[in-house]
Amino acid sequence: MILVAGPPCGGKSTFVSKNAGTFDKVLDFDDLVEQICGDRHSREPDVVSEAMTRWKAELPTADWVIHNAPRRRQRGRYRSQYGAQVIVVTASKGVCLERARNERPEAWIGWVHDWFAQWEPSRTGEWIVDTTPK
């Protein structure tokens, strides 16, 4: 399993779409939400609940997992429970906020701020991929 962590609008899904194999199983919460209601950015409580149920069922068999996981303990659980390799895909806070403003519902702006406020670098090897445009 490969955990791809990072902030909302950091480039996680794009990174996985470019790197996952054709037959790899990708677990992305936004994909589950879209399967349920047709809008990958919906956070209606019933949709979130159903997506979480599916997430938990599919997690043990995923090759790639996309999860914000700002705290090192969250990422560490994936390493200890699933032997996951961890890749943190991120962009600068400004870029993530710009993407959120242009491409997502308003709530995403707050979630970007929250992720950066909670971010804890790991003490162990994690591959960091910066998607900030040069």
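Some observations on this one:
- Among the cysteines of the chain, 37 have no other cysteine beta carbon within less than 4.7 Å of their own.
- Portion, in percent, of the accessible area of the chain that falls on carbon or sulfur, probe 1.4 Å: 49
- Qualifying chymotrypsin sites (Phe, Trp or Tyr not before Pro) in the range 14-72, DSSP loop, other Cβ atoms within 10 Å at most 14: 23
- Partners of residue 25 within straight-line reach, counting lysines whose Cα lies under 21 Å from its Cα and excluding those fewer than 8 residues away in the same chain: 12, 56.
- At a probe radius of 1.4 angstrom, the accessible area of the chain per residue rounds to 56 square angstrom.
- Rounded Å value of the spacing that divides the Cα centres of the range 115-134 and the range 1-65: 19
- Diffusion coefficient, µm² s⁻¹, Stokes-Einstein with Kirkwood Rh over alpha-carbon pairs of the range 1-104 at 10 °C and 1.306 mPa s: 111
- Kirkwood-type radius of the range 51-134, with distances r between different C-alpha atoms, in Å: 14.3
- For the chain, the 222 nm mean residue ellipticity estimated from helices alone, with every DSSP H stretch of n ≥ 4 adding -39500 (n - 2.57) and the total spread over all residues, rounds to -14500 deg cm²/dmol.
- Over all other residues within a Cβ to Cβ distance under 10 Å of residue 11, the charged ones net out to +2, with Lys and Arg as +1 and Asp and Glu as -1.
- Net charge of neighbours whose Cβ lies under 14 Å from the Cβ of residue 112, counting Lys and Arg as +1 and Asp and Glu as -1: +1
The values are calculated or read from the model by the stated rules, or taken from the named source; none is laboratory data. Everything quoted here is computed from the prediction, not taken from an experiment. We place every Cβ from the backbone using ideal geometry, glycine too, and count neighbours over all the protein chains shown. In case anyone asks, the SASA skips ligands and DNA or RNA and just uses the protein heavy atoms, side chains included. Shrake-Rupley method; radii C 1.70, N 1.55, O 1.52, S 1.80 Å.
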